[in-house]
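The values are calculated or read from the model by the stated rules, or taken from the named source; none is laboratory data. If you're wondering where the values come from, they're calculated on a predicted model, not measured in any experiment. Using ideal geometry, Cβ is built from the backbone for each residue, glycine included, and neighbour counts are taken over all protein chains shown. Note: accessible area is taken over every heavy atom of the protein model, side chains too, but ligands, DNA and RNA are not part of it. Shrake-Rupley method; radii C 1.70, N 1.55, O 1.52, S 1.80 Å.
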Amino acid sequence: MSKKCIICNAEAGYMIKDTSDYYCGECAEEHFGDIALLVKMEAEAQNLKELLKDQLASPEEDDGGHTGSN
């Protein structure tokens with residue numbers, strides 16, 4: 001499910017870091033002037049994918065190093 005711009009409901013391409021405020025390119029430029037201050041959603045999605053990939057590669061570290069055997 002794609003995120004929608006909080007101003008015009010168009011598909012969002014930018015977000016404010018650590019919030020759920022999403023903006024399309026046009027609204028981002030209009031309201032912020034410098035879109036470099038915002039996070040590109042594709043970059044954030046890539047970061048999340050990498051985090052998941054790392055966690056799936058080493059799941060034993062997530063539970064404090066226990067392997068499940070008693």
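Things to note:
- Residue count for the stretch 20-39, restricted to those that are within 19 Å of Ser2 (Cβ to Cβ) and either among the small types (Gly, Ala, Ser) or free of Cβ contacts under 8 Å to residues at least 12 places away in the same chain (or both): 3
- Scan the stretch 24-49 for residues that are of a type in the set (Asp, Glu) and at pLDDT 85 or above and the total you get is 3.
- Of all residues making up the stretch 1-22, the number that are among the hydroxyl-bearing types (Ser, Thr, Tyr) and in contact with a Leu (Cβ under 7 Å, 6 or more places away or on another chain): 1
- Of the residues making up the stretch 17-33, those that are open to solvent by less than 50 Å² (accessible area, probe 1.4 Å) and either in a loop (DSSP other than H, G, I, E, B) or farther than 11 Å from Glu44 by Cβ (or both) are Tyr23, Cys24, Gly25, Cys27, Ala28.
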